[in-house]
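The structure appears right after this line, and notes come after that.
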Amino acid sequence: MSTLELRQVACGYGDLRVVTDATLEVEAGSVTALLGRNGAGKTTTLRAVAGLNKITSGAATLDGTDLGPLPAYRRARAGIAYVQEGKRIFRSRTVEENLLLGTYAGQSTARGRELMAQMYERFPLLAERRKLRAAQLSGGQQQMLAIAQALIADPRVLLLDEPSAGLAPAIVGQVLDVIRDLRTRGLAILLVEQAVEFALAAADRVVVLNLGRTVYSGQATDPGLREAIRRAYMAEE
Ligand code: ATP
(Lines give C-alpha, C1' and ligand atoms only; values in the text may rest on other atoms or scores of the structure.)
Protein backbone atom coordinates (compact mmCIF):
# COMPACT_ATOMS: atom_id res chain seq x y z
CA MET A 1 0.00 0.00 0.00
CA SER A 2 1.54 3.29 -1.03
CA THR A 3 0.13 6.52 0.23
CA LEU A 4 0.94 10.04 -0.78
CA GLU A 5 0.29 12.59 1.94
CA LEU A 6 0.53 16.35 1.90
CA ARG A 7 0.42 18.16 5.23
CA GLN A 8 0.07 21.93 5.10
CA VAL A 9 2.28 22.17 2.05
CA ALA A 10 3.26 25.68 0.99
CA CYS A 11 4.82 26.25 -2.41
CA GLY A 12 5.01 28.78 -5.24
CA TYR A 13 7.35 30.39 -7.72
CA GLY A 14 10.46 32.08 -6.34
CA ASP A 15 9.32 34.38 -3.55
CA LEU A 16 5.69 34.16 -4.66
CA ARG A 17 3.80 31.86 -2.32
CA VAL A 18 0.84 30.60 -4.33
CA VAL A 19 -0.14 27.71 -2.09
CA THR A 20 -0.11 28.15 1.68
CA ASP A 21 -1.84 24.99 2.90
CA ALA A 22 -2.38 22.01 0.65
CA THR A 23 -3.43 19.09 2.84
CA LEU A 24 -4.54 15.85 1.25
CA GLU A 25 -4.06 12.11 1.07
CA VAL A 26 -4.08 9.63 -1.81
CA GLU A 27 -4.10 5.92 -1.05
CA ALA A 28 -3.12 3.07 -3.35
CA GLY A 29 -6.07 1.96 -5.47
CA SER A 30 -7.89 5.24 -5.10
CA VAL A 31 -8.42 8.59 -6.77
CA THR A 32 -8.27 11.89 -4.95
CA ALA A 33 -9.62 14.80 -6.97
CA LEU A 34 -8.17 18.23 -6.32
CA LEU A 35 -10.71 20.87 -7.30
CA GLY A 36 -10.80 24.65 -7.18
CA ARG A 37 -11.21 27.69 -9.33
CA ASN A 38 -8.72 28.94 -11.90
CA GLY A 39 -5.60 30.07 -10.11
CA ALA A 40 -6.44 28.27 -6.83
CA GLY A 41 -3.02 26.61 -6.95
CA LYS A 42 -3.86 23.09 -8.14
CA THR A 43 -1.15 22.83 -10.79
CA THR A 44 1.36 24.45 -8.47
CA THR A 45 0.58 21.74 -5.88
CA LEU A 46 1.11 18.94 -8.41
CA ARG A 47 4.39 20.50 -9.52
CA ALA A 48 5.54 20.65 -5.90
CA VAL A 49 4.80 16.93 -5.45
CA ALA A 50 6.65 16.11 -8.68
CA GLY A 51 9.64 18.18 -7.51
CA LEU A 52 9.34 20.98 -10.07
CA ASN A 53 8.50 23.60 -7.41
CA LYS A 54 10.07 23.81 -3.99
CA ILE A 55 8.01 22.95 -0.90
CA THR A 56 8.74 25.89 1.38
CA SER A 57 6.92 24.59 4.45
CA GLY A 58 4.82 21.62 5.46
CA ALA A 59 5.62 18.18 4.07
CA ALA A 60 4.81 15.80 1.26
CA THR A 61 5.52 12.14 2.02
CA LEU A 62 5.28 8.90 0.10
CA ASP A 63 4.86 5.94 2.42
CA GLY A 64 6.21 8.12 5.20
CA THR A 65 9.34 9.19 3.30
CA ASP A 66 9.76 12.95 3.04
CA LEU A 67 9.86 13.95 -0.62
CA GLY A 68 11.12 17.47 0.14
CA PRO A 69 14.87 16.80 -0.16
CA LEU A 70 14.52 14.62 -3.28
CA PRO A 71 15.08 16.18 -6.72
CA ALA A 72 12.43 15.51 -9.38
CA TYR A 73 14.24 12.55 -10.96
CA ARG A 74 14.53 10.78 -7.59
CA ARG A 75 10.82 11.30 -6.99
CA ALA A 76 10.17 9.73 -10.40
CA ARG A 77 12.29 6.76 -9.35
CA ALA A 78 10.42 6.58 -6.06
CA GLY A 79 7.30 5.99 -8.15
CA ILE A 80 5.76 9.39 -8.81
CA ALA A 81 4.69 10.11 -12.39
CA TYR A 82 3.35 13.47 -13.54
CA VAL A 83 1.17 13.97 -16.61
CA GLN A 84 1.24 17.71 -17.20
CA GLU A 85 -1.66 19.70 -18.52
CA GLY A 86 -1.81 20.09 -22.28
CA LYS A 87 -0.49 16.70 -23.36
CA ARG A 88 3.23 17.44 -23.12
CA ILE A 89 4.40 14.93 -25.67
CA PHE A 90 6.93 15.26 -28.47
CA ARG A 91 4.70 15.92 -31.43
CA SER A 92 7.37 15.42 -34.09
CA ARG A 93 8.38 12.04 -32.59
CA THR A 94 6.60 8.77 -33.22
CA VAL A 95 4.30 7.15 -30.70
CA GLU A 96 6.97 4.53 -30.02
CA GLU A 97 9.69 7.14 -29.50
CA ASN A 98 7.46 9.00 -27.06
CA LEU A 99 6.90 5.83 -25.08
CA LEU A 100 10.62 5.04 -25.05
CA LEU A 101 11.24 8.51 -23.63
CA GLY A 102 9.04 7.52 -20.71
CA THR A 103 11.42 4.75 -19.69
CA TYR A 104 14.35 5.83 -17.55
CA ALA A 105 18.01 5.02 -17.32
CA GLY A 106 17.75 2.92 -14.16
CA GLN A 107 15.16 0.63 -15.68
CA SER A 108 16.38 -2.65 -17.21
CA THR A 109 15.86 -3.05 -20.96
CA ALA A 110 13.85 -6.21 -20.36
CA ARG A 111 11.52 -4.44 -17.93
CA GLY A 112 11.26 -1.51 -20.38
CA ARG A 113 10.22 -3.89 -23.16
CA GLU A 114 7.73 -5.63 -20.89
CA LEU A 115 6.13 -2.31 -19.94
CA MET A 116 6.06 -1.19 -23.57
CA ALA A 117 4.20 -4.39 -24.49
CA GLN A 118 1.80 -3.78 -21.59
CA MET A 119 1.10 -0.26 -22.84
CA TYR A 120 0.33 -1.51 -26.34
CA GLU A 121 -1.99 -4.11 -24.86
CA ARG A 122 -3.77 -1.52 -22.73
CA PHE A 123 -3.90 1.09 -25.52
CA PRO A 124 -4.40 -0.86 -28.77
CA LEU A 125 -4.94 2.41 -30.63
CA LEU A 126 -1.38 3.40 -29.78
CA ALA A 127 -0.08 0.00 -30.90
CA GLU A 128 -1.72 0.45 -34.29
CA ARG A 129 -0.22 3.91 -34.58
CA ARG A 130 3.20 3.21 -33.10
CA LYS A 131 5.07 4.42 -36.21
CA LEU A 132 3.00 7.58 -36.64
CA ARG A 133 4.18 10.94 -35.39
CA ALA A 134 2.36 12.04 -32.24
CA ALA A 135 1.14 15.16 -34.09
CA GLN A 136 -0.92 12.86 -36.33
CA LEU A 137 -2.94 11.54 -33.38
CA SER A 138 -6.28 12.98 -32.30
CA GLY A 139 -6.47 15.00 -29.07
CA GLY A 140 -7.82 12.00 -27.17
CA GLN A 141 -5.11 9.71 -28.51
CA GLN A 142 -2.46 12.27 -27.56
CA GLN A 143 -3.85 12.33 -24.01
CA MET A 144 -3.69 8.50 -23.91
CA LEU A 145 -0.09 8.71 -25.16
CA ALA A 146 0.79 11.21 -22.43
CA ILE A 147 -0.68 8.86 -19.81
CA ALA A 148 0.99 5.79 -21.35
CA GLN A 149 4.33 7.64 -21.39
CA ALA A 150 3.97 8.27 -17.64
CA LEU A 151 2.90 4.69 -16.92
CA ILE A 152 5.87 3.19 -18.68
CA ALA A 153 8.04 4.26 -15.75
CA ASP A 154 5.94 1.81 -13.67
CA PRO A 155 4.77 4.41 -11.13
CA ARG A 156 2.84 3.91 -7.90
CA VAL A 157 1.49 7.44 -7.86
CA LEU A 158 0.06 9.20 -10.88
CA LEU A 159 -0.40 12.98 -10.90
CA LEU A 160 -2.87 13.91 -13.62
CA ASP A 161 -3.38 17.56 -14.55
CA GLU A 162 -6.68 18.20 -16.35
CA PRO A 163 -6.73 15.06 -18.48
CA SER A 164 -10.20 15.88 -19.86
CA ALA A 165 -9.31 19.41 -21.00
CA GLY A 166 -10.03 20.12 -24.64
CA LEU A 167 -11.33 16.63 -25.42
CA ALA A 168 -14.58 15.77 -27.19
CA PRO A 169 -17.24 14.39 -24.80
CA ALA A 170 -17.05 10.89 -26.35
CA ILE A 171 -13.30 10.75 -25.71
CA VAL A 172 -13.63 12.06 -22.15
CA GLY A 173 -15.45 8.80 -21.32
CA GLN A 174 -12.46 6.81 -22.57
CA VAL A 175 -10.08 8.81 -20.39
CA LEU A 176 -12.38 8.15 -17.43
CA ASP A 177 -12.27 4.40 -18.20
CA VAL A 178 -8.46 4.51 -18.22
CA ILE A 179 -8.38 6.28 -14.85
CA ARG A 180 -10.78 3.74 -13.34
CA ASP A 181 -8.74 0.86 -14.72
CA LEU A 182 -5.51 2.26 -13.26
CA ARG A 183 -7.22 2.73 -9.91
CA THR A 184 -8.29 -0.94 -9.89
CA ARG A 185 -4.72 -1.88 -10.64
CA GLY A 186 -3.65 -0.23 -7.41
CA LEU A 187 -2.30 3.15 -8.47
CA ALA A 188 -2.71 6.13 -6.20
CA ILE A 189 -4.08 8.87 -8.46
CA LEU A 190 -4.13 12.59 -7.73
CA LEU A 191 -6.41 14.19 -10.29
CA VAL A 192 -6.61 17.93 -10.91
CA GLU A 193 -9.68 18.94 -12.86
CA GLN A 194 -11.72 21.96 -13.90
CA ALA A 195 -14.52 19.64 -15.00
CA VAL A 196 -16.22 18.94 -11.68
CA GLU A 197 -18.56 16.21 -12.95
CA PHE A 198 -15.68 14.35 -14.59
CA ALA A 199 -13.67 14.57 -11.38
CA LEU A 200 -16.56 13.37 -9.22
CA ALA A 201 -17.18 10.43 -11.56
CA ALA A 202 -13.58 9.31 -11.04
CA ALA A 203 -12.89 10.24 -7.43
CA ASP A 204 -13.02 8.45 -4.10
CA ARG A 205 -11.95 11.52 -2.16
CA VAL A 206 -12.32 15.18 -3.03
CA VAL A 207 -10.20 18.06 -1.83
CA VAL A 208 -11.08 21.65 -2.64
CA LEU A 209 -8.42 24.36 -2.80
CA ASN A 210 -9.32 28.01 -2.60
CA LEU A 211 -6.72 30.76 -2.81
CA GLY A 212 -3.98 28.23 -2.09
CA ARG A 213 -5.63 26.69 0.97
CA THR A 214 -7.48 23.43 1.47
CA VAL A 215 -11.00 24.45 2.37
CA TYR A 216 -12.71 21.07 2.09
CA SER A 217 -11.73 17.43 2.21
CA GLY A 218 -14.08 14.47 2.20
CA GLN A 219 -15.40 11.36 0.48
CA ALA A 220 -16.84 11.81 -3.01
CA THR A 221 -20.13 10.45 -1.67
CA ASP A 222 -20.40 12.91 1.25
CA PRO A 223 -23.79 14.66 1.20
CA GLY A 224 -22.21 18.06 1.95
CA LEU A 225 -19.71 17.87 -0.91
CA ARG A 226 -21.61 19.70 -3.63
CA GLU A 227 -22.45 22.58 -1.33
CA ALA A 228 -18.78 22.83 -0.30
CA ILE A 229 -17.70 22.90 -3.95
CA ARG A 230 -20.33 25.51 -4.78
CA ARG A 231 -19.16 27.73 -1.94
CA ALA A 232 -15.49 27.39 -2.91
CA TYR A 233 -16.23 28.28 -6.51
CA MET A 234 -18.30 31.29 -5.49
CA ALA A 235 -16.04 32.52 -2.69
CA GLU A 236 -14.95 36.15 -2.78
CA GLU A 237 -11.31 36.78 -3.60
P1 ATP B 1 -5.67 26.61 -13.55
O2 ATP B 1 -6.75 25.63 -13.63
O3 ATP B 1 -6.03 27.94 -14.13
O4 ATP B 1 -4.34 26.09 -14.04
P5 ATP B 1 -4.65 26.24 -10.89
O6 ATP B 1 -5.49 26.08 -9.68
O7 ATP B 1 -3.97 25.04 -11.42
O8 ATP B 1 -5.53 26.92 -12.00
P9 ATP B 1 -2.05 27.37 -10.77
O10 ATP B 1 -1.73 27.09 -12.21
O11 ATP B 1 -1.43 26.54 -9.75
O12 ATP B 1 -3.62 27.36 -10.57
O13 ATP B 1 -1.72 28.90 -10.54
C14 ATP B 1 -1.90 29.52 -9.28
C15 ATP B 1 -1.29 30.91 -9.32
O16 ATP B 1 0.10 30.82 -9.56
C17 ATP B 1 -1.87 31.81 -10.38
O18 ATP B 1 -2.15 33.05 -9.80
C19 ATP B 1 -0.79 31.94 -11.40
O20 ATP B 1 -0.79 33.19 -11.98
C21 ATP B 1 0.47 31.73 -10.58
N22 ATP B 1 1.50 31.09 -11.42
C23 ATP B 1 1.37 30.00 -12.17
N24 ATP B 1 2.52 29.69 -12.80
C25 ATP B 1 3.42 30.64 -12.44
C26 ATP B 1 4.79 30.89 -12.76
N27 ATP B 1 5.47 30.09 -13.58
N28 ATP B 1 5.37 31.96 -12.19
C29 ATP B 1 4.68 32.78 -11.37
N30 ATP B 1 3.38 32.60 -11.02
C31 ATP B 1 2.76 31.54 -11.56
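The values are calculated or read from the model by the stated rules, or taken from the named source; none is laboratory data. None of the values given here were measured: they were computed from a predicted structure. Note that we place each Cβ from the backbone using ideal geometry, even for glycine, and neighbour counts take in every protein chain shown. When the accessible area is computed, the model is the full protein with side chains, heavy atoms only, and any ligands, DNA or RNA have been set aside. Shrake-Rupley method; radii C 1.70, N 1.55, O 1.52, S 1.80 Å.
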Unit charges on C-beta of K, R, D, E only; dipole of region 1-125, Debye:
420
Expressed as a whole number of Å, what is the distance separating the alpha-carbon centroids of region 1-55 and region 116-190?
22
Length gained if Thr65 through Arg91 is fully extended, taking 0.36 nm per residue and subtracting the Cα-Cα distance, is 5.8 nm
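When the helix-only estimate is applied to the chain (DSSP H runs of n ≥ 4, each -39,500 (n - 2.57), divided by the residue count), what is the mean residue ellipticity at 222 nm, nearest 500 deg cm²/dmol?
The helix contribution divided over the chain gives -11000 deg cm²/dmol.
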Probe 1.4 Å, accessible area per residue of region 77-179, Å²
47
R0 = 22 Å: FRET efficiency of Asp222 with Asp181, Cβ-based, nearest 0.05?
0.35
Exposed loop chymotrypsin sites (Phe, Trp or Tyr not before Pro) only (DSSP loop, at most 14 other Cβ atoms within 10 Å): please give the longest stretch of the chain free of them, not including the sites.
105-237
With all protein chains modelled, accessible area of Thr65 [1.4 Å, Å²]
80
Calculate, for region 1-42, the solvent-accessible area per residue in square angstrom, rolling a 1.4 angstrom probe over the heavy atoms of the protein chains.
42
Let me cross-check Asp177: its accessible surface, 1.4 Å probe, with only protein heavy atoms counted, in Å² to the nearest 10?
90
Unit charges on C-beta of K, R, D, E only; dipole of the chain, Debye:
680
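Stretch Thr56-Glu114 to full length: gain in nm at 0.36 nm per residue minus the Cα-Cα span?
The span from Thr56 to Glu114 would gain 17.0 nm if fully extended.
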Considering only protein heavy atoms and a 1.4 Å probe, what is the carbon-and-sulfur percentage of the accessible area of region 83-237?
50
What does the extension gain come out to for Glu121 and Ser138, with contour length at 0.36 nm per residue minus their alpha carbon separation?
4.2 nm
Selection from Ala220, Gly29, Ile171, by position along the positive dipole direction of the chain (Cβ):
Ile171
Hey, what did region 1-150 get for relative contact order, percent, Cα under 8 Å, at least 6 apart?
21
